[in-house]
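Data first, discussion second: the structure below is written as structure tokens.
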Amino acid sequence: MKKMSEIIATLKKDYIYNLLIKGNRQDGRGFKDFRDLKLETNVISKAEGSAKVTLGNTQVLVGVKLQTGTPFPDSQDEGVIITNLELNPIASPEFEPGPPREEAIEMARVVDRGIRESGAIDIKKLCITVGESVWIVFIDVHILNDDGNIIDASCLAAIAALMTTMVPNEQQGLGENVPLAMKEMPVGITLAKIGSKLMVDPSLDEEAVCETKLTIVSSSDGSVAGMQKMGPAPLTEEELFEAIDLALEKAAELRALYLEGLAKSE
């Protein structure tokens, strides 16, 4: 016999699914609409750069730290980027303490790939002495509350934190501190497919009923820097191109609203 909680969960899923196939979302948004979004920077005093994104009730905090180290043998004149993502147990009853879960590792890779493949950071300017010493950039993503679409919030918080990062040259006797050399502003957009519908910024309830999710990270020029599909349902070629077009459109909007002004102020 099913527990009452399981029955309620099934009824809730049916309700949301039936709304969506009729063209409606539970919170009244259109399929192209994000929830209320707030971006705060310089929120961690001990970090070289930091940002917090609140997307609906989802909250993500990113801190950036730099330390010196040795370069990789095949890129001796380039700095190193290391991205970690932590699903804090306080953020959701689904998250458990312990080593990073597969889901966390997967999401960290999406954030990292977008930054790396877009060339967001000028990694050659992180070189201190060729073959001997470079700056290592640690990007630590902490999920404070999960109400859906933590990957888009993480991508936005990560790039905003990097854009406010200062390289701590003074600590190493290398001169004055300088802003981290940035070349791009990649933005991640996740779309959920439910039935034949594609929608941006899925809530936690929408994620629970969707057949598949697709995250597309794009650069300012519209090129795709990263893509990650999650879920078993396939996407047709037409749906894929629709998703890319929609992701590029929404990324341009977020970039203009939150990052371009930040770049000017910095």
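Remarks
- Positive-end ranking of V178, P232, S92 along the dipole of the chain, with charges on Cβ about the Cα centre, is headed by S92.
- Beta bridges per DSSP with both ends in the range 1-146, % antiparallel, nearest 5: 75
- Long hydrophobic helices in the chain, taken as whole DSSP H segments with a C-alpha length of 18 Å or more on their own axis and mean Kyte-Doolittle hydropathy at least 0.5: 4-21, 150-163.
- The Q171 and E249 beta-carbon pair, evaluated with R₀ = 51 Å, returns a calculated FRET efficiency of approximately 0.75.
- Taking only the Cα atoms of the range 40-121, the ratio Rg/Rh comes out at 1.00, with Rh defined as the Kirkwood radius.
- Using the rule -39500 (n - 2.57) for each DSSP H run of four or more residues, divided by the residues of the chain, the 222 nm mean residue ellipticity is -9500 deg cm²/dmol.
- Peptides 254-261, 48-55 ordered by packing proxy, namely the average of other Cβ atoms within 10 Å per residue, highest first: 48-55, 254-261.
- Taking N as its residue count, the alpha carbon Rg of the range 124-189 over 2.2 N^0.38 Å: 1.37
- Exposure of C155 as accessible area (Å², to 10), given a probe of 1.4 Å and all protein chains: 10
- Put the Cα centre of the range 218-260 next to the Cα centre of the range 118-180 and the gap is 23 Å.
- Pair I128, L257: separation of 7 Å Cα→Cβ label points (nm): 4.0
- Checking the Cα-Cα distances for K65/K213; K22/K250; K183/K213; K12/K250 against a 26 Å cut-off, the pairs over it are K65/K213; K183/K213; K12/K250.
- For L87, net neighbour charge (Lys/Arg +1, Asp/Glu -1) across residues whose Cβ lies under 9 Å away: -4
- Residue among T58, T129, T212 with the largest mean-square fluctuation in a Gaussian network model of the chain, springs linking Cα atoms under 10 Å: T129
- Cross-link pairs exceeding 28 Å between alpha carbons, from the set K46/K124; K46/K229; K32/K124: K46/K229; K32/K124.
- The aspartates and glutamates whose alpha-carbon is closer than 20 Å to the alpha-carbon of K13, local same-chain residues fewer than 8 away aside, are D27, E94, D146, D147, D201, D205, E206, E207, E211.
- Computed Kirkwood radius, in angstrom, where 1/r is averaged over Cα pairs of the range 1-151: 18.3
- Rg over Rh for the range 130-255 works out to 1.09, using Cα positions for both radii and the Kirkwood form for Rh.
- Portion, in percent, of the accessible area of the chain that falls on carbon or sulfur, probe 1.4 Å: 51
- Within the range 76-191, percent of DSSP bridges classed antiparallel, to nearest 5: 40
- Listed peptides 226-232, 179-185, 26-32, 215-221 by packing density, highest first (mean Cβ within 10 Å): 215-221, 179-185, 226-232, 26-32
- An ellipsoid equivalent to the chain, defined through the eigenvalues of its Cα gyration tensor, has semi-axes of 36, 19, 17 Å when rounded to whole angstrom and sorted largest first.
The values are calculated or read from the model by the stated rules, or taken from the named source; none is laboratory data. The structure displayed is predicted, hence computed values, not measured ones. Note that we place each Cβ from the backbone using ideal geometry, even for glycine, and neighbour counts take in every protein chain shown. We work out accessible area using only protein heavy atoms, side chains counted, and drop any ligands, DNA or RNA first. Shrake-Rupley method; radii C 1.70, N 1.55, O 1.52, S 1.80 Å.
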